[in-house]
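Since every read-out is calculated from the coordinates, none of them should be taken as a lab result. Remember, predicted model here, so these are calculated numbers, not experimental data. Please note: Cβ atoms are built from the backbone with ideal geometry, for glycine as well, and neighbour counts cover all protein chains shown.
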Amino acid sequence: MSPRSSSPPANASRSFNGPDPLNLRPLLLTWYLKNHRQLPWRGVDSDYKVLVSEFMLQQTQVATVLPHYERFLTRFPNMVSLAQATEEEVETAWSGLGYYRRARALRNAAQQIVSDHEAEVPTDFEDLKALPGVGDYTAAALGSIIHDEPYAAVDGNVMRVLTRLFGIEDSISNTSTQVKLRALAQELLEPEQAGDWNQAMMELGATVCAPKKPLCSVCPWEEHCVAHAKGIALDLPKKAKPKATVEVHRIAGVLLEEGRCLLTRRTEKLLYGTWELPGLDLDSPEGARERLREHLEHKLGVEVMVGNPLARVRHSITHHRIQVHGYAIKTNPKPRNKKNERIWASPGDVANLHTSSMTIKLLNAIAKLKG
DNA sequence: ATCCAGGGCT
DNA sequence: AGCCCTGGAT
């Protein structure tokens with residue numbers, strides 16, 4: 001056994017062992033300035049645009065966000081227009097993006113920014129975190145990108161970069177690991193260029209330090225990366241096992257009349273409040289027809305006849321695997337529109353309602369059938 | 001068809 | 001710790 005107690009770690013002032021920030025920083029920043037993607041919210045002098053982009057980018061990848069971002073900005077061009085919009089208007093503009101709570105939070109955040117911060121995204125970390133829908137990550141992203149405040153932003157990309165760079169094999173599902181990674185990110189941060197630094201970390205994670213196909217040969221940190229040296233990059237980050245999936249059968253009634261389809265408001269927790277074809281969620285498809293008939297007669301208050309299955313689509317939400325069964329329905333008499341509950345919607349109307357991708361998929365399947 | 005990426009709230 | 005959505009990769 002060789003004695004090792006006599007030599008303290010070279011980086012004793014830091015909470016981690018491994019590459020030195022002073023070496024790492026210029027490598028990443030140079031790489032970023034040369035290689036980053038041109039995105040519509042990058043390099044703009046608009047706190048509002050950054051705010052909208054950060055909310056959309058929560059749990060959502062750039063490619064998915066892009067088309068929604070442009071539409072949303074056209075619809076709500078500035079902080080005040082968003083603050084003054086109704087919840088319904090904002091949800092509609094958010095349709096298809098998912099995690100609809102974010103749309104409501106964003107509107108509420110805009111209202112708070114207008115009323116408490118003179119319509120400008122605040123600078124102080126606690127003020128940022130006090131905004132609805134803003135947690136540690138988003139507060140740091142907004143503060144650094146808009147105001148160049150030295151807050152380290154740690155999202156999933158950054159956690160992947162850090163666990164690989166330092167060869168951290170603890171599960172990132174543990175809160176304690178996340179705390180450790182945030183501290184690490186804060187020490188690594190280039191405090192003079194926090195906005196570029198955070199975006200560089202995320203850009204590296206998104207484009208080079210990818211989950212399945214890391215492009216180590218073009219990584220500015222290749223020679224410093226512990227996981228790369230050990231050949232375990234693909235094994236990191238470690239995370240907890242996902243929950244088992246639950247089967248859900250959505251039994252929906254297709255009421256068609258002169259090119260219009262009857263939609264009602266969803267009352268189940270999943271996708272709550274979105275407009276959809278009327279029906280019910282079941283654990284199994286047993287007795288679907290009869291259950292649907294009872295449900296619709298109760299819900300619509302008319303006599304209901306359930307016909308043939310018209311279409312079937314699949315949709316997965318988190319750990320729910322949903323099979324949507326659409327049955328042809330005849331009623332007597334025809335149910336009437338009812339404000340905020342029932343609407344006979346043309347395809348054009350559907351675009352102006354708060355819907356989910358599940359419903360759009362089913363409507364598309366039916367439209368294809370009918371030609 | 002399945003797997004998996006991606007933050008905040010309660 | 002459990003819950004929420006969509007789409008791209010495989």
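Things to note:
- Restricting attention to chain A, close to 75% of DSSP beta bridges with both partner residues there are antiparallel.
- Between A:L27 and A:A130, the modelled label-to-label distance comes to 4.1 nm, taking each label 7 Å out from Cα in the direction of the beta carbon.
- Taking the DSSP beta bridges with both ends in the stretch A:246-369, the antiparallel portion is around 75 percent.
- Histogrammed with a bin width of 10 Å, the alpha carbon distances of the stretch A:101-145 distribute as 32, 60, 8 percent, first bin at zero.
- Average Cα contact separation per residue, the stretch A:243-291, under 8 Å, 6 or more apart, as relative contact order %: 43
- For chain A, built as a Gaussian network whose Cα springs stay under 10 Å, the top-fluctuating residue of A:A141, A:A244, A:A345: A:A244
- A simple charge model with +1 on the Cβ of Lys and Arg, -1 on the Cβ of Asp and Glu and nothing else charged puts the dipole of the stretch A:92-144 at about 460 debye relative to its Cα centre.
- Over the residues of chain A, the helix contribution to mean residue ellipticity at 222 nm works out to -13000 deg cm²/dmol, using -39500 (n - 2.57) for each DSSP H run of at least 4.
- Ranked by the mean number of other Cβ atoms within 10 Å per residue, highest first, peptides A:212-224, A:285-297 order as A:285-297, A:212-224.
- At an R0 of 51 angstrom, the distance between the Cβ atoms of A:S115 and A:E290 translates into a FRET efficiency of 0.45.
- Zone residues, the stretch A:191-232, relative to A:D45, backbone N less than 14 Å from point 7 Å out along Cα-to-Cβ: none
- Cα-centre dipole for chain A with unit charges at Cβ (Lys and Arg positive, Asp and Glu negative), debye to 20: 1820
- Sparsely packed loop sites in the stretch A:238-269 (the trypsin sites (Lys or Arg not before Pro) outside DSSP H, G, I, E and B with at most 13 other Cβ atoms within 10 Å) comprise A:K243, A:K269.
- For the stretch A:246-369, a crude dipole built from +1 on the beta carbon of Lys and Arg and -1 on the beta carbon of Asp and Glu, taken about the Cα centre, is about 260 debye to the nearest 20.
- Here's the list of lysines a cross-link from A:K368 could span, going by alpha-carbon distance under 30 Å and ignoring same-chain residues fewer than 8 apart: A:K269, A:K299, A:K330, A:K334, A:K338, A:K339.
- Ranking A:A351, A:P220, A:F125 by how far each Cα lies toward the positive end of the dipole of chain A (charges on Cβ) leaves A:A351 at the top.
- Global geometry of the stretch A:246-369, whether rounded, prolate or oblate, following the gyration tensor of its Cα atoms and the 1.5 cut on a/c: rounded
- Segment A:K230-A:R321, extension gain: residue separation times 0.36 nm, minus the distance between their alpha carbons: 29.0 nm
- Rounded to the nearest 0.05, the FRET efficiency derived from the C-beta distance between A:N352 and A:T175 at R0 = 35 Å is 0.25.
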